[in-house]
Amino acid sequence: MYATNYHRASSVEDAVKLATANDETKYLAGGQTLLPTMKQRLAAPSDLVDLRHIASMKGISVNGGTIRIGAATPHADVANSKEVASACPGLAHLAAHIGDPHVRHMGTIGGSIANNDPAADYPAGLMALNATIVTNKRSISADDFFTGMFDTALEDGELVVAVEITAPSKCGYAKFPNPASRYAMTGVFVAKHGDGSVRVAVTGAGSDGVFRHEGMEQALASNFSAEALDSVTVDDADLMSDIHASSAYRANLVKVMARRAVAAAG
Amino acid sequence: MANVSMTVNGRSVSGQCEDRTLLVQFIRENLGLTGTHVGCDTSQCGACVVHVDGKAVKSCTMLAAQADGSEVVTIEGLASGGELHPVQAAFREHHGLQCGFCTPGMIMSAVDMIERHGGQLDEKTVRAELEGNICRCTGYHNIVKAVLDAASKMGDGAKVAAE
């Protein structure tokens, strides 16, 4: 790892001030991606602003049908939250299957979505749940937030402070983990919303990161069952192809995982 | 340079290190506690697992500066008065190790797992919870047996591993 300067922020304002002082600065949330990347010298921020001690960015609250998760909340807290398990069980399941127990103790929802790894779990969950990403400046819909592989709508220095979700009537997540890394080789989150609409988001498969599949959404809106997906085709043209799986294999996985996600949603 | 103070195994310690110093380097090189191992150094193998503020974390994937002000427990902090911790004793009893390199991390993960799950521990849960700890010798079976035995001896009534 190249030399860097560590700063511990005490508030959102403090963090943003520290981050904008130098344009080579990065926010450090749980660090479970950033620190390994720095160790490999693939990233070399001059300064790190630690977000783990900002009280207002931590914790989960449920108000009516709205779930608010602070951006610095670790995956383990989302996985173990009784409120999340009851209001949005698919999201608790998703959080419980990120990485391993030690990674889940450190890694955060805000860090995961700000990084927008094309094989990360949370982007699929938040897109299917039609979440709102709250930053220090504005609120952004998940559809607008995730703009491509490792790319988001965040501007320089803009900080994700929380994520807000309206509890769906049903939801489920299924992923086929890479046998070594446990990242999603394909993961599908399915959510049926209060107005009857269905959103299906896919991670780990798209060549430009997380995406929604309209064909499956329409099929499930008229019949929310695994069988409804039988007649849907998944085009492999825009899917990733690598040493782990060809795009055709991933196209098949998208359908298989979608069926499992619908079954899990019940 | 960072001035870092923390409580390690109940003892207040402080030291100076570079901001980029990893917690595992601080523990091993500044404090001389070499029971915590560096295996892969790429956040995968779990040989470096310690407890920070009561939670198992990979100390190769945390800066020492991030742990400033924290309570840290390493493998050296488990035994008391020359008596092995129940998890350490179970690893010896069940031959839950061969070369022993992964063992500190395995034991710190097992203690964390037993504290979190208590009576809910069964073989399937133990195997899933060991996701972040890699052992290249044992095939895991004796490790799983040791964890379940320790959990039951710690009064949590976990189910006995399949023979």
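Multiply the residue gap between B:N9 and B:T42 by 0.36 nm, knock off their C-alpha separation, and tell me the result in nm, one decimal place.
Going from the current span to full extension adds 9.3 nm.
Specify the inter-centroid distance of the stretch B:66-84 and the stretch A:93-125, based on alpha-carbon positions, in whole Å.
The two parts, judged by their Cα centres, are 28 Å apart.
Give me the net charge of A:A237's neighbourhood, meaning all other residues with Cβ under 14 Å from the Cβ of A:A237; Lys, Arg count +1, Asp, Glu -1.
Around A:A237, the surrounding residues sum to -3.
Explain nothing, just the number: relative contact order of chain A, from Cα pairs under 8 Å at least 6 residues apart, as a whole percent.
Relative CO of chain A lands at 16 percent.
Using only the Cα atoms of the protein assembly as shown, build the gyration tensor, take square roots of its eigenvalues as a ≥ b ≥ c, and label the shape rounded, prolate or oblate: rounded if a/c is under 1.5, else prolate if a/b is larger than b/c, else oblate.
Taking the square roots of the gyration eigenvalues as a ≥ b ≥ c, the protein assembly as shown is oblate.
Using 0.36 nm per residue, how much length does the chain from A:Q40 to A:T20 gain when fully extended, once their Cα-Cα distance is taken away?
On the way: separation 20, 0.36 × 20 = 7.20 nm, distance 2.51 nm.
Value of the extension gain: 4.7 nm.
Tell me the net charge near A:A174. Cut-off is 13 Å between Cβ atoms, A:A174 excluded, with +1 for each Lys or Arg and -1 for each Asp or Glu. Don't jump to the answer; show the numbers that get you there.
On the way: positive: A:K175, A:K255, A:R259, A:R260; negative: A:D121.
With Lys, Arg at +1 and Asp, Glu at -1, the neighbours total +3.
What FRET efficiency comes out for B:Q16 versus B:H95 if R0 is 35 angstrom and r is the Cβ-Cβ distance? Round to the nearest 0.05.
0.25
Would you mind giving the mean number of other chain beta-carbons within 10 Å of the Cβ of each residue in A:5-12, as a whole number? Don't skip to the end; give the middle numbers.
Values: counts 6, 11, 2, 4, 0, 0, 0, 0.
So the per-residue partner count for this stretch is 3.
For the protein assembly as shown, what is the calculated [θ] at 222 nm in deg cm²/dmol (nearest 500), taking -39500 (n - 2.57) for each run of four or more DSSP H residues and dividing by its residue count? Write out the running numbers ahead of the final one.
Working: 15 runs with 128 residues, N = 429.
When only DSSP H runs of four or more count, the value is -8000 deg cm²/dmol.
Alpha carbon centre of the stretch A:226-266 versus the stretch A:16-75: separation in Å?
What the calculation gives is 32 Å, centre to centre.
Could you work out the longest stretch of chain A that avoids the GluC sites (Glu not before Pro) located in DSSP loops with at most 10 other Cβ atoms within 10 Å?
That gives A:25-154 as the longest site-free run.
Name the most mobile residue of A:R41, A:R212, A:R199, meaning the one with the largest mean-square fluctuation, in a Gaussian network model of chain A with Cα contacts below 10 Å.
Comparing A:R41, A:R212, A:R199 in the GNM, the peak value goes to A:R41.
Arranged from highest to lowest average of other beta-carbon atoms within 10 Å per residue, in what order do the peptides A:48-54, B:65-71 appear?
Listed from highest to lowest mean packing, they are A:48-54, B:65-71.
For the stretch A:23-101, what is the Kirkwood hydrodynamic radius in Å, using each pair of distinct C-alpha atoms?
14.1
Pop the C-beta distance of A:H244 and A:S169 into the FRET formula with R0 = 45 Å and round what comes out to the nearest 0.05. Intermediate results must be reported in sequence, preceding the final value.
Numbers: r = 34 Å, r/R0 = 0.77.
For A:H244 and A:S169, the calculated efficiency is 0.85.
Shape verdict for the stretch B:76-163, please, from the Cα gyration tensor: rounded (a/c under 1.5), prolate (a/b greater than b/c) or oblate. The partial results should precede the final answer.
On the way: a/c = 1.44, a/b = 1.03, b/c = 1.40.
The shape class here is rounded.
Mind giving me the nanometre distance, one decimal, between the label points for A:E13 and B:E71, set 7 Å out from Cα along Cα→Cβ?
3.3
Under the 0.36 nm per residue contour assumption, what length would be gained going from the current alpha-carbon distance of A:A237 and A:S207 to full extension? Before the final figure, lay out the partial values.
On the way: separation 30, 0.36 × 30 = 10.80 nm, distance 0.91 nm.
Once the chain is fully extended between A:A237 and A:S207, it gains 9.9 nm.
Report ³J(HN,Hα) in whole Hz for each residue of the stretch A:235-240, in order, from the Karplus equation J = 6.51 cos²θ - 1.76 cosθ + 1.60 where θ = phi - 60°; Gly and Pro get x.
Values, residue by residue: 6, 8, 4, 9, 9, 5 Hz.
Can you tally the net charge around B:C17? Count Lys and Arg as +1, Asp and Glu as -1, for every other residue whose Cβ sits under 13 Å from the Cβ of B:C17.
On the way: positive: B:R20, B:R28; negative: B:E18, B:D19, B:E29, B:D68.
So the surrounding residues net to -2.
Springs between alpha-carbon atoms under 10 Å, Gaussian network over chain A: tell me which of A:G99, A:G215, A:G107 tops the mean-square fluctuations.
Evaluated over chain A, the most mobile residue of the options is A:G215.
Classify the stretch A:11-66 from the C-alpha gyration tensor, please: rounded if a/c falls under 1.5, else prolate or oblate depending on whether a/b exceeds b/c.
oblate
Residue by residue through B:58-67, how many Cβ atoms from other chains fall within 10 Å of the Cβ on average?
Numbers: counts 9, 1, 3, 12, 7, 9, 1, 8, 11, 0.
That average works out to 6.
Between the stretch A:135-162 and the stretch B:122-136, how far is it from one alpha carbon centroid to the other, in angstrom?
35
Any read-out appearing in this document is the output of simple, stated calculations on the displayed coordinates, not a laboratory observation. Since the structure is predicted, the reported quantities are computational estimates derived from the model, not experimental observations. Cβ: placed from backbone, ideal geometry, glycine included. Neighbour counts: every protein chain shown.
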